[in-house]
Amino acid sequence: MGSKVSLAIIGRNEIVREGLSRILVDQGFDIVATSVDADALRDMAIGRLALDLIIIDAPSKAEGHAACRSLRTDFPTARIVLLGEDFSVQTTSETMSVGADGYLAKHISCEPLARSLQLVASGEKVVPSQTVLAMIAADWSRPSGGMSSLTMPSDVRLSERERGVLRCLTRGDANKQISRELDITEATVKVHVKAIMRKLGVLNRTQAAILAVTRGLVESPVVQSVTRSAAQAARAC
């Protein structure tokens with residue numbers, strides 16, 4: 001994006017607000033306001049601040065959803081992101097239905113947070129990749145799907161490099177992105193992907209990613225763009 005994203009942070013915990021502010025300033029965002037709740041932000045900002053993005057760190061799902069509804073009315077042009085800890089399909093769906101443009105894990109690390117917020121600011125919808133993978137797994141578990149018939153070998157042994165590639169696959173990264181992140185050639189990435197699929201006994205990258213998360217082969221990914229995940233899952237075989 002050509003200019004800095006103007007951003008407000010809502011949260012009851014002052015330390016969390018301050019921490020988020022410092023992190024996001026370092027990542028190139030313009031923090032224009034912080035407040036304890038939606039009412040406080042409305043009182044200080046309405047008519048005076050142009051906000052691109054609002055982050056809500058609420059103590060409960062109900063409070064977060066209530067804040068989102070209120071902010072959607074008060075700041076109709078701002079994009080809204082909720083931070084949460086429940087990645088179930090139902091909670092994610094409810095969160096997006098109350099007007100959120102993004103739903104991110106509270107324990108997200110700095111760089112993924114920045115990337116996710118930039119995606120939201122540019123018009124994307126972003127949810128935890130755990131939710132996307134759960135949706136795909138649920139669909140594949142139906143009689144017509146293929147996931148229920150998959151059996152991962154009990155003696156899977158992946159090299160450290162293969163685990164790094166697999167971790168990237170769980171985020172939906174394309175070969176070019178994996179190549180840049182791990183500083184290896186795209187040809188080498190392809191070799192590792194084929195080896196991973198063979199060792200896991202799966203047919204494509206999406207199945208490998210789902211097994212990696214559900215069986216604990218790598219750390220669970222934190223975020224993923226819905227549109228990016230869906231598009232890459234459809235293409236990546």
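Three semi-axes describe the equivalent ellipsoid of segment 1-42; taken as square roots of 5 times the Cα gyration tensor eigenvalues and ordered largest first, they are 19, 13, 5 Å.
Computing Rg and the Kirkwood Rh from the Cα coordinates of segment 33-112 gives a ratio, Rg/Rh, of 0.95. Projecting label points 7 angstrom from Cα along Cα→Cβ for residue 157 and residue 40 puts them 5.6 nm apart.
Counting only heavy atoms of the protein chains and using a 1.4 Å probe, residue 194 has close to 150 Å² of accessible surface. Residue 194: net charge of surrounding residues, Cβ under 14 Å, Lys/Arg +1, Asp/Glu -1, itself excluded? The answer is +3.
The solvent-accessible area of residue 25, taken with every protein chain present and a 1.4 Å probe, is close to 80 Å².
The values are calculated or read from the model by the stated rules, or taken from the named source; none is laboratory data. As the structure is a prediction and not an experimental result, all values here were calculated from the model. Don't worry about glycine lacking a Cβ; one is built from the backbone with ideal geometry, like all the others, and counts go over all protein chains shown. Surface areas here come from the heavy atoms of the whole protein model, side chains and all, with no ligands, DNA or RNA. Shrake-Rupley method; radii C 1.70, N 1.55, O 1.52, S 1.80 Å.
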